[in-house]
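Read the structure below first, then the notes.
The values are calculated or read from the model by the stated rules, or taken from the named source; none is laboratory data. Note that the structure is predicted; figures quoted are calculated from it, not measured. Please note: Cβ atoms are built from the backbone with ideal geometry, for glycine as well, and neighbour counts cover all protein chains shown. These accessible areas exclude ligands, DNA and RNA; they are computed on the full protein's heavy atoms, side chains included. Shrake-Rupley method; radii C 1.70, N 1.55, O 1.52, S 1.80 Å.
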Amino acid sequence: MLNNYYDKLMSFKGADELKELITKWNTLSENISKKAFDAPIVLPDLFVYTRPGYGNTRLLAMLAEYLDSKQNLMSFYGDVKFFEFRLDYCEPHSRFTELYRLIESVTAAAGFRSEFRGIIRINVDEWVGHHKEKHFLDFLQFLQMNTSYWMIVMTLSNHRENDETKDMERVVSMYLRIEKFTLHLPDNKELVRFAAEYLAKYGLELDDGAWQVLEDSVAVLRKSEYFYGLHTVKDLCSDIVYNLFSESTAVGTVITADMLDDFSADSEYIKRTIRKIKKTATLGF
């Protein structure tokens, strides 16, 4: 099972920098097992540029399982090995309620245990441009006091790396030891390959024409700034399966281009999907 967690992490697309980090941690684990240290080696916290729809929760779960399986990199204690938290913005002269909300989340993660030890993913999108305000600095100081118990995975999901976010990194690094990396959404061909694997669960396969239809549709969906990656593609596939199996009792195993007319790049379905994911993102889901 130890290799299984490692292999799954190494199979993630668009995560080359993370894979380099996992390789380093593998070496670290081996060295720790060979030597007797008087003090523990504390892993760095992470500062991650990612995108909605990358599969962040699944990746985080696998990372927790991997680290737990190594047994000598970090310890886990509590009801869960990780949880996710969105740090909402608070005005400078308002009460900083988000810190109390995080403490409540930590208490809930500990359950009936005396404390929580594990991974906390914290989305800080709303604090870009506000990262030098007292509330955010107080928050970082609180994390600094607890970093020996937690691995903080600080993520930006809706911001590209630029001067402003780099300045945020610098501020964070004054309080936490961080490793930075970027997670990239798979390219269109990889997304269609994911779709093919999903459809295969229902005994369906794409011929060349159908493959091209899906690739064109994914390309159009991807142009939306609200594109939700694997989640959007999975919803597309679910609707294709529903459509095929509800319209005919004689569905074959091969999907042709003609069978995907309702899901083509210029179809009303694709236009409606773009409107839907835009509305969902605007509402904050």
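What fraction, in whole percent, of alpha-carbon pairs in the stretch 1-61 exceed 18 Å separation?
Working: 811 of 1830 pairs.
For the stretch 1-61, the fraction of Cα-Cα distances above 18 Å is 44 percent.
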Residues with amide H under 5 Å of M151's amide H, sequence separation 5 or more or different chain, H placed in the peptide plane at 1.01 Å from N; which? G118, I119, I120
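For the chain, give me the percentage of DSSP beta bridges that are antiparallel, rounded to the nearest 5 percent.
Details: 1 of 23 bridges.
About 5 percent, rounded to the nearest 5.
If N is the number of residues in the stretch 11-98, what value comes out of its Cα radius of gyration divided by 2.2 N^0.38 Å?
Numbers: Rg = 16.5 Å, N = 88, 2.2 N^0.38 = 12.1 Å.
Rounded to two decimals, the normalised Rg is 1.37.
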What whole-number distance in Å separates the alpha-carbon centres of the stretch 27-68 and the stretch 112-184? 16
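Provide the gained length on full extension for the span N72 to S224, in nm with one decimal, where the gain is 0.36 nm per separating residue minus the Cα-Cα distance. All intermediate terms of the calculation are to be shown ahead of the outcome.
On the way: separation 152, 0.36 × 152 = 54.72 nm, distance 4.32 nm.
Here the segment from N72 to S224 would lengthen by 50.4 nm.
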If each residue of separation counts as 0.36 nm, what is the full-extension length gain between L137 and T249 once their alpha-carbon separation is subtracted? 34.2 nm
P(r) for the chain, please, calculated from all Cα pair distances in 5 Å bins and given in %. 1, 5, 10, 13, 14, 14, 12, 10, 8, 6, 4, 2, 0, 0
Take the alpha carbon gyration tensor of the stretch 43-168, find the square roots of its eigenvalues, order them as a ≥ b ≥ c, and report rounded if a/c is under 1.5; if not, report prolate when a/b exceeds b/c, else oblate. oblate
Give the carbon-plus-sulfur fraction of the accessible surface of the chain in %, rounded to a whole number; probe 1.4 Å, heavy atoms of protein chains only. 51
Rounded if a/c is under 1.5, else prolate if a/b beats b/c, else oblate: with a ≥ b ≥ c from the C-alpha gyration tensor eigenvalues square-rooted, which is the stretch 102-190? oblate
Mind pulling the per residue volume of the convex hull built on the Cα atoms of the stretch 174-247? Å³ is fine. 130
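With a probe of 1.4 Å, find how much accessible area the chain has per residue, and write the answer as a whole number in Å².
Numbers: 15570 Å² over 285 residues.
Each residue of the chain exposes 55 Å² on average to a 1.4 Å probe.
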Just to be sure I understand the curve: with the Debye formula and one point per C-alpha of the stretch 167-213, what is log10 I(q)/I(0) at q = 0.16, 0.20, 0.22 Å⁻¹? -0.58, -0.70, -0.80
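How do the peptides 84-95, 135-146 rank, highest first, by the average count of neighbouring beta carbon atoms within 10 Å per residue?
On the way: 84-95: 13.3, 135-146: 16.2.
Sorting 84-95, 135-146 by mean packing, highest first, produces 135-146, 84-95.
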Karplus-derived 3J(HN,Hα), 6.51/-1.76/1.60, for each residue of the stretch 252-257, Hz, glycine and proline x: x, 8, 9, 8, 9, 4
Return the Cα extents of the stretch 125-169 along principal axes one, two and three, sorted largest first, each rounded to a whole Å. 30, 21, 15
Fraction in percent of alpha-carbon pairs per bin - 10 Å, the stretch 155-285: 11, 36, 26, 15, 9, 3, 0
Run lengths n ≥ 4 of DSSP H only: what is the helix-derived mean residue ellipticity at 222 nm for the chain, with -39500 (n - 2.57) per run over all residues, to the nearest 500? -16500 deg cm²/dmol
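With N set to the number of residues, divide the alpha-carbon radius of gyration of the stretch 54-108 by 2.2 N^0.38 Å and report two decimals.
Values: Rg = 14.8 Å, N = 55, 2.2 N^0.38 = 10.1 Å.
For the stretch 54-108, the normalised Cα radius of gyration comes out at 1.46.
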